[in-house]
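Visitor: Sending over a structure as structure tokens; questions will come in a sec.
The values are calculated or read from the model by the stated rules, or taken from the named source; none is laboratory data. Keep in mind the model is a prediction, meaning the values are calculated, not measured. Virtual Cβ from ideal backbone geometry, glycine too; neighbours counted across all protein chains shown. Calculation scope for accessible area: heavy atoms of the full protein, side chains included, ligands and nucleic acids excluded. Shrake-Rupley method; radii C 1.70, N 1.55, O 1.52, S 1.80 Å.
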Amino acid sequence: MNIGILLKEGPYNHQASDTAYKFAEAAIKKGHKVDAVFLYNDGVTNVTKHMDPPQDDRDIARRWNELGKEHGVEVLACIAASKRRGINDDVIIDGAEITGLGTLTDIAIRNDRLVTFGD
């Protein structure tokens, strides 16, 4: 099964980021293809380089980066949501991309499922 993920919440203040990541990991482990993760609303903050979590905490931005590199998952941030939060190409992690909301429609069309995390 091909799966797209929509993540609408930021890291560390809501469980959605962790749950979406764990879902993607589990789906890949079961043999499914996670095509893309589209970050919307506060979800765009999941891919900023500004995160510097303590040593004993999880590094959410690094997780998304590694998921993209290791499994070919596109990590995409909505341009409108990014602009509202001061996020641009200079501050996002390697492997992530800022794109238009129309890309979310494409993800929904080309995949068997679009799973949403966050309110």
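Visitor: For the chain, which whole percent of the accessible surface, found with a 1.4 angstrom probe, sits on carbon and sulfur atoms? Present the calculation step by step, with values, prior to reporting the outcome.
Guide: Numbers: 2930 of 6370 Å².
Accessible surface attributable to carbon and sulfur in the chain totals 46 percent.
Visitor: Could I ask something else about it? Hey, could you get me the Stokes-Einstein D for the chain, Kirkwood radius over alpha-carbon pairs, 37 °C and 0.692 mPa s, rounded to whole µm² s⁻¹? Write out the running numbers ahead of the final one.
Guide: Working: Rh = 14.0 Å.
For these conditions, the coefficient is 235 µm²/s.
Visitor: Compute the accessible area per residue over the range 1-103, keeping the other protein chains in place, probe 1.4 Å, unit Å².
Guide: Working: 5300 Å² over 103 residues.
Counting only protein heavy atoms, the per-residue value for the range 1-103 is 51 Å².
Visitor: If each DSSP helix of 4+ residues adds -39,500 (n - 2.57) and the sum is divided by the residues in the chain, what number results at 222 nm, nearest 500 deg cm²/dmol? Spell out each step's value before the answer.
Guide: Values: 4 runs with 41 residues, N = 119.
My calculation for the chain gives -10000 deg cm²/dmol from helical runs alone.
Visitor: Run the dipole for the chain about the Cα centre, Lys and Arg Cβ at +1, Asp and Glu Cβ at -1, nothing else charged, and hand back the magnitude in debye, nearest 20. Kindly include the intermediate steps, with their values, before the conclusion.
Guide: Working: 15 positive and 19 negative charges, 63 e Å.
Dipole about the Cα centre, nearest 20: 300 debye.
Visitor: So which trypsin sites (Lys or Arg not before Pro) in the range 1-51 are both in a DSSP loop and have at most 11 other Cβ atoms within 10 Å of their Cβ?
Guide: On the way: sites: 8, 22, 29, 30, 33, 49; in loops: 8, 30, 49.
Loop-located and lightly packed - 30.
Visitor: Then there is this: Taking every Cα atom in the range 62-115, find the radius of gyration and the maximum pairwise distance Dmax, and write them in Å.
Guide: Expressed in Å, the Cα Rg and Dmax of the range 62-115 come to 11.9, 33.
Visitor: Now for a different question. Please name which of 23, 10, 99 has its Cα lying farthest along the dipole of the chain towards the positive end, using unit charges on Cβ (Lys, Arg +1; Asp, Glu -1) and the Cα centre as origin.
Guide: 23
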